[in-house]
Amino acid sequence: MPTDQTPGSIPGHENNGGVPRIQFEDVVKRFGSTTVLDNLNFNVGRGERVTLIGPSGSGKTTILRLLMTLEHLTDGYIWVDGDPLTHARQDGKRVELKSKQVAQVRKRIGMVFQQFNLFPHLTVLENITLAPREVRRMPKKEAEEIAMRMLERVKIPEQAHKYPGQLSGGQQQRVAIARALAMQPKVMLFDEPTSALDPEMIKEVLDVMEELADSGMTMIVVSHAPRRP
Amino acid sequence: MWDTSLFIETLPVLIGAFLKITLVVTVLSSILSALLGLVWAIALRELPAWAAAPLRFVLDFIRMTPLPVHLLVIYYAFNNLSPMTVGVLVFGVHYSTYMAESYRAGIDSIRKGQWEAATALSLPASRTWRAVILPQAIRNTLPSLGNWAIAMFKDTPFLIFISVPEMVTEARQFGGQHFSYVEAMTVAGLLFLVASYPTAVLMRKLEKKLAY
Amino acid sequence: MAEFFSDLGTVLLRLLGDGLTATLAAFAGGAVLMVIVAVLLGVAEHQGPGWLQVIARVIVELFRGTSLVVQLFFIFYVIPTFTGFDLGSTWTAIVALGLNYGAYGAEVVRGSLNAVPAGQWETTTALSMPWLTKMRRVIWPQAWALMLPGFNNLMVMLVKGTAVVGLVLLADLTFEAEQLRRQVGTWPAFIGAMLIYYVIALVVSTIMRIMERRAPRRLGLGDFEIAQARKQADEALAGAATPLDTGTGPADLVPAPRRPGGGDA
């Protein structure tokens, strides 16, 4: 379980002194009779990089999955930039939001999975441009420009027209990062991003994550064991 | 016992019936069942429970009752339809129930992570189906569809029940006319083998190629 | 509407008397022969010396690659001419059904033998067990549980398959229903027949499911292997082709030859 983070405590990354990026308020998550998160309260400030470390089953992945609405909140609230994600207070009561409203707020969050989850039947470029074109309704050319910039950022622009099956694990994960970044999120979530990689490929992914952190992105990383960053 | 000249004489008759009836019915019914099967599969997944349950019962009932009976009932009940039309429709619907299971397996075999990645990218459900799930599901299911088409092909002789002059009907008739069945039946058997065995091997190769 | 149900009632009573006996006879005989043929061919394919494997393989592919109806007519029309021996309608039907579905069953048997963990085979070799002992005491009991889902599916298909026996003049449910049609009308006659077939299929399937569930407990096989076998049989029924097989049917009802992450005896 993570400890409370004091916003703005990381040198070089000033908190805007205002609304935290992520706020968990009295969050409860139960699976059947097991309570995994019990009245969890914490904030993540803008530009903060938070790592959640702990043994399996301690609930760290659950936190990410709740944020990504892959799991349903049993109780409590999650706020993103001060806006409610899945539940809001109305007239003193806890109200569930409609999926359209949820989608609006969730768009600000990007996630990278342990298993990459790239779409195997699409090229790297198509993987990255799919969501911007469908969800943000970007025209193809613009989406592809952004995609190429993201690919350059993760240092594999030459792979744009390959299929995921033709790439190494480290390359695939970097594509996954680029895909998430293409939606221009305000927060990036990483669920054990290097656990499925062979050791020699871990560094390339960590380098990308480090560059991301240095650029001021708010990040929450779930990890097995302490590693940089 | 064995009359080679009879054997030669049956060839054009049976090959003709094979091409004109058997193949046509197989191809048309396969297309129909492939399309319908997908409809059932998506419907069973996306409909609410109260609508999906009766649909599932009807599909199971069709799947667990014999094809000849279906042919007969549709043939007699709608006697304005030509026997071949009845054949294509009944084969199509009957096999669509099998194909629905194949599609279901194909959709289920897509890893949960694909769905989650789509959610993480905020793709709406319809787009998730069209752009992510269906392309993979259809690709997974294609070999099964091929195998069911081959099975359907071997069931076409059931059309005897509704007097469609397909290959085996013609073979039996030829045998009766010439008082010797062995030549005609052998040709029929050979035609089946020649058509189905290489196709099945091809399906196996296709499946290996399609795997990611 | 009420008339439909009274007609349906008449149909059911008549069919239950006449057609049902023939259908059940064809099914029962066919089922027994199917299992015998499947075991003989399957074991021959898997365990036999090279030449036997080839012969078995050819027989299997022959019966799977040609249509049931062709085989039926062959036995009915051709065999009597060549051997002077007439089987009669019922036995013709039983032999044709048994051979045809037995060929598919052979693949189920072969696949199940494959699915028994390699460690089991190796242990019996290390203990220098003779073949019969090995099969009887170690391999077969384990393979049996894995075969049941595949045979379950085949049994249901066999129930449906009996509908063709009318073509060799056996007065089964379908045949009788077609006769009754003139008296009571199309829909009552055939829906009645379908209901009876459906019930038979359900009963057979339920019995097989009970056997499926009871088999592993006596043999100590893990739930995982059984669930795998059922899953693979379902997948095979769904037409999924399996890699080892070069067969010609959807009902390549082979539990795929993957080794379950298996325990040794």
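Amide H contacts of residue A:49: A:219, each under 5 Å away and 5 or more positions distant or on a separate chain (H built 1.01 Å from N in the peptide plane; Pro and chain starts excluded). Separation of region B:115-152 and region C:120-193, taken as the distance between their Cα centroids, equals 33 angstrom.
The fraction of all Cα pairs in chain A landing in successive 5 Å bins from 0 to the largest distance is 1, 7, 14, 18, 19, 17, 13, 8, 3, 1, 0, given as whole percents. The calculated FRET efficiency for the pair residue C:10 and residue C:169, based on their C-beta separation and a Förster distance of 35 Å, comes to about 0.90. Site pair residue A:161 and residue A:215 shows an inter-label distance of 2.5 nm when each label is modelled 7 Å from Cα along Cα→Cβ. Peptide C:202-213 shows a mean partner chain C-beta count of 0 within 10 Å per residue C-beta. FRET efficiency for the pair residue A:93 and residue A:38, taken as 1/(1 + (r/R0)^6) with r the Cβ-Cβ distance and R0 = 35 Å, rounds to 0.95.
Residue ranking by accessible heavy-atom surface, 1.4 Å probe, largest first, among C:178, C:107, A:152 comes out as A:152, C:178, C:107. Working ranking of peptides C:181-188, C:112-119 by packing, defined as the average number of other Cβ atoms within 10 Å per residue, highest first, is C:112-119, C:181-188. Heavy-atom accessible area for residue B:108, with the other protein chains in place and a 1.4 Å probe, reaches approximately 80 Å². At q = 0.10 Å⁻¹ the log10 of I(q)/I(0) for the protein assembly as shown amounts to -1.03, computed by Debye summation with a single uniform scatterer per C-alpha, solvent ignored.
Using a 1.4 Å probe over protein heavy atoms, the accessible area lost on pairing B with C, summed over both chains, comes to approximately 4400 Å².
Put simply, the amide H of residue A:30, placed in the peptide plane, has neighbours under 5 Å in A:36, A:74, leaving out anything fewer than 5 places away on its chain. Across region A:156-199, the residues whose backbone nitrogen lies under 15 Å from the label position 7 Å along the beta-carbon direction of residue A:149 are A:178-186. Students often get this wrong: which residues of region C:4-22 have the backbone nitrogen under 12 Å from the point 7 angstrom along Cα-to-C-beta of residue C:187? In region C:4-22, the label zone of residue C:187 (backbone N under 12 Å from the point 7 Å along Cα→Cβ) covers C:4-8. The 3J(HN,Hα) values that the Karplus relation (6.51, -1.76, 1.60; θ = phi - 60°) gives for region B:21-36 are, in residue order, 10, 4, 5, 4, 4, 4, 5, 4, 5, 4, 4, 4, 5, 5, 5, 4 Hz. Gly and Pro appear as x. If you plug the beta carbon distance of residue B:1 and residue A:74 into 1/(1 + (r/R0)^6) with R0 = 51 Å, you get a FRET efficiency near 0.05.
Note on residue A:19: accessible area approximately 60 square angstrom, rounded to 10, probe 1.4 Å, nucleic acids and ligands left out. Eigenvalues of the alpha-carbon gyration tensor of chain B, scaled by 5 and square-rooted, set the equivalent ellipsoid semi-axes at 40, 21, 11 angstrom, largest first. Shown here for region C:3-89: chymotrypsin sites (Phe, Trp or Tyr not before Pro) in loop regions (DSSP other than H, G, I, E, B) with at most 12 other Cβ atoms within 10 Å, namely C:85.
Residues of region C:35-50 falling in the label zone of residue C:133, defined by backbone nitrogen less than 13 Å from a point 7 Å along Cα to beta-carbon, are absent. Close amide H pairs (under 5 Å, H built 1.01 Å from N) link residue A:112 with A:189, A:190, A:191, residues at least 5 positions away or on another chain. Ignoring ligands, DNA and RNA, what percent of the accessible area of region B:4-209 is carbon or sulfur (1.4 Å)? Roughly 70 percent, rounded to a whole number. A full extension of the chain between residue B:139 and residue B:205 corresponds to an added length of 22.4 nm, given 0.36 nm per residue minus the alpha carbon distance. Working from label points 7 Å from Cα in the Cα-to-Cβ sense, the residue B:23 to residue A:195 distance is 5.6 nm. Surface exposure of region B:4-209, expressed per residue as accessible area with a 1.4 Å probe, stands at 41 Å². Each Cα pair under 8 Å and six or more residues apart adds its separation to the average, and for region A:146-214 the resulting relative contact order is 37 percent. In region B:173-187, burial by the other protein chains removes 40 Å² or more of 1.4 Å probe accessible surface, compared with the chain on its own, from B:181, B:182, B:185.
Sparse packing (at most 13 other Cβ atoms within 10 Å of the Cβ) combined with a DSSP loop state is found for the following trypsin sites (Lys or Arg not before Pro) in region A:120-157: A:137.
Note on residue B:125 and residue C:32: their simple-model spin labels are 5.4 nm apart, each label 7 Å out from Cα toward Cβ.
How large, in percent, is the carbon and sulfur part of the accessible surface of chain A at a probe radius of 1.4 Å? The nonpolar share, carbon plus sulfur, comes to 46 percent.
The values are calculated or read from the model by the stated rules, or taken from the named source; none is laboratory data. Since the structure is predicted, the reported quantities are computational estimates derived from the model, not experimental observations. Every residue, glycine as well, gets a Cβ built from its backbone with ideal geometry; the counts of neighbours run over all protein chains shown. SASA here: full protein model, heavy atoms, side chains in, ligands and nucleic acids out. Shrake-Rupley method; radii C 1.70, N 1.55, O 1.52, S 1.80 Å.
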